[in-house]
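One structure is given here, and the rest of the page talks about it.
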Amino acid sequence: MLFRDRLEAGQALAERLAGYADRPDVIVLGLARGGVAVAYEIALRLHAPLDVLLVRKLGAPGFEELALGAIAPGGVCVLNDRLLEALGLSSETLEILMKREREELQRRERLYRRGRPALEVENRVALLVDDGLATGSTMRAAVAAARQRRPAKIVVAVPVAAPSACVEVAAEVDEVVCLATPESFDSVGQWYEDFTQVDDGEVRDLLDHAEQALQPRHG
């Protein structure tokens, strides 16, 4: 175990990201759902706006924790071709999975934003935050989605990552900040004492609280 919970992980990451504090060009994007809890702590300590980045993992049928890839808004789709080939999944099965996850993306978009537009990313430093990287496919989809919005720089920040995932993601962004890359890596949850699932209500509340925390400073 490395971290007590996502709050502690976010605080530790914020210390490593201190150079981005109090900069008007910085925005923190938390991957829903667990990444938002880590990103919230970072946004508070950097005095930066927080927004949610919606990405959905494509879990293998019967082994949902096994990521076949991930999708994000804007038609972004990142697939693990080697795994798809090894499992022998048909294109029809894959399309059913993708359709289901696209519908879930739309549901969460409505639920989290409640009519509020996404925060502007163009020409800003985008800090993409998750609670960890296992295969890296979810973060790679998030990076592709963020790049469509033309940021000046993309920084990926995670508390813990599988070494191979960290290398793959690093090749696609400007900077990676990762506190630990253990060689023996089975899942993100094994590195947290408390890895309770973050629910939709918590995501919504964290976004609201982060927005309120900025108001006295910029209001």
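The values are calculated or read from the model by the stated rules, or taken from the named source; none is laboratory data. Computed from a predicted structure; not experimentally measured. Note that we place each Cβ from the backbone using ideal geometry, even for glycine, and neighbour counts take in every protein chain shown.
When you look at A134, is it in contact with a Ser or Thr (Cβ under 7 Å, 6 or more places away or on another chain), in contact (Cβ under 8 Å) with a residue 60 or more places away in the chain and buried (at least 16 other Cβ atoms within 10 Å of the Cβ), yes or no?
Numbers: in contact with a Ser or Thr (Cβ under 7 Å, 6 or more places away or on another chain): yes; in contact (Cβ under 8 Å) with a residue 60 or more places away in the chain: yes; buried (at least 16 other Cβ atoms within 10 Å of the Cβ): yes.
Judged against the criteria, A134 is a match.
Out of everything in the range 60-104 that is closer than 26 Å to D186 by Cβ and touching an Asp or Glu at 6+ places or on another chain (Cβ under 9 Å), what residue ends up being modelled with the highest pLDDT?
I71
Anything in the range 154-171 that is surrounded by 15 or more Cβ atoms within 10 Å (Cβ to Cβ) and more than 13 Å from the chain's Cα centre (by Cα)? List them, or say none. Break it down into steps so the answer makes sense when it comes.
Going through the range 154-171, the residues surrounded by 15 or more Cβ atoms within 10 Å (Cβ to Cβ) turn out to be 154-162, 165-166, 168-170.
Within the range 154-171, A162, A165, C166, E168, A170 qualify.
Could you identify the single residue in V177, V167, V156 that is without any contact (Cβ under 8 Å) to a residue 40 or more places away in the chain and under 22 Å from Y20 (Cβ atoms)? Don't jump to the end; show me each part of the working.
Details: V177 fails: without any contact (Cβ under 8 Å) to a residue 40 or more places away in the chain; V167 fails: under 22 Å from Y20 (Cβ atoms).
Every option except V156 fails the conditions.
List the residue pairs whose Cβ atoms are under 9 Å apart, where the first residue sits in the range 79-90 and is at negative phi, the second is in a helix (DSSP H, G or I) and polar (S, T, N, Q), and the two are 6 or more positions apart or on different chains.
L79/S137; N80/S137
Report whether or not L53 is within 22 Å of P117 (Cα to Cα) and out of contact with any Leu (no Cβ under 7 Å at 6 or more places or on another chain). Show your work before the answer.
On the way: within 22 Å of P117 (Cα to Cα): yes; out of contact with any Leu (no Cβ under 7 Å at 6 or more places or on another chain): no.
Here the answer is no, as L53 does not meet what is asked.
Taking G74 as meeting all but one of (1) under 17 Å from A145 (Cβ atoms); (2) surrounded by 16 or more Cβ atoms within 10 Å (Cβ to Cβ), write down the number of the exception.
Going through (1) under 17 Å from A145 (Cβ atoms); (2) surrounded by 16 or more Cβ atoms within 10 Å (Cβ to Cβ) one by one, G74 breaks only (2).
Within the range 180-196, work out how many residues are outside any loop (DSSP other than H, G, I, E, B) and under 25 Å from Y20 (Cβ atoms).
Residues of the range 180-196 outside any loop (DSSP other than H, G, I, E, B): 180, 188-192.
Restricting the remaining residues to those that are under 25 Å from Y20 (Cβ atoms) gives 180, 188, 191-192.
Here the count works out to 4.
Applying the selection to the range 111-129, what residues are within 12 Å of V52 (Cα to Cα), loosely packed, with under 12 Cβ neighbours inside 10 Å and modelled with pLDDT of 85 or more?
Passing the criteria: only P117.
Run R45 past the list (1) charged (D, E, K, R); (2) surrounded by 15 or more Cβ atoms within 10 Å (Cβ to Cβ); (3) closer than 19 Å to D200 by Cα and report the number of the one that doesn't hold.
Tallying (1) charged (D, E, K, R); (2) surrounded by 15 or more Cβ atoms within 10 Å (Cβ to Cβ); (3) closer than 19 Å to D200 by Cα, R45 fails exactly one: (3).
Sort out which residues of the range 153-173 are closer than 20 Å to E15 by Cβ and either assigned to a loop (DSSP other than H, G, I, E, B) or of a type in the set (A, V, I, L, M, F, W, C) (or both), and write them in order of number.
If the condition is that a residue be closer than 20 Å to E15 by Cβ and either assigned to a loop (DSSP other than H, G, I, E, B) or of a type in the set (A, V, I, L, M, F, W, C) (or both), then V155, V156, A157, V158, V160, A161, C166 are the ones that fit.
For E183, indicate whether it is farther than 20 Å from L119 by Cα, modelled with pLDDT under 95 and more than 17 Å from the chain's Cα centre (by Cα). Break it down into steps so the answer makes sense when it comes.
Details: farther than 20 Å from L119 by Cα: yes; modelled with pLDDT under 95: yes; more than 17 Å from the chain's Cα centre (by Cα): yes.
Yes: the conditions hold for E183.
Working only within the range 197-219, note down all residues that are without any contact (Cβ under 8 Å) to a residue 60 or more places away in the chain and either polar (S, T, N, Q) or part of a loop (DSSP other than H, G, I, E, B) (or both). Let's see the steps before the verdict.
Of all residues in the range 197-219, those without any contact (Cβ under 8 Å) to a residue 60 or more places away in the chain come to 201, 205, 208, 212, 215-216, 218-219.
Answer for the range 197-219, where residues must be without any contact (Cβ under 8 Å) to a residue 60 or more places away in the chain and either polar (S, T, N, Q) or part of a loop (DSSP other than H, G, I, E, B) (or both): Q212, Q215, G219.
So which of E183, E175, E193 is surrounded by 12 or more Cβ atoms within 10 Å (Cβ to Cβ) and either in contact with a strand residue (DSSP E or B) (Cβ under 9 Å, 6 or more places away or on another chain) or more than 16 Å from F3 (Cβ to Cβ) (or both)? Walk me through it before giving the result.
On the way: E183 fails: surrounded by 12 or more Cβ atoms within 10 Å (Cβ to Cβ); E193 fails: surrounded by 12 or more Cβ atoms within 10 Å (Cβ to Cβ).
After ruling out the rest, the residue left standing is E175.
Quick one: what pairs do we get from the range 42-59, first residue in contact (Cβ under 8 Å) with a residue 12 or more places away in the chain, second basic (K, R), C-beta under 8 Å, 6+ apart or different chains?
Close Cβ pairs (under 8 Å, with a partner that is basic (K, R)) amount to L46/R23; H47/R217; A48/R23; V52/R113; L54/R108; R56/R102.
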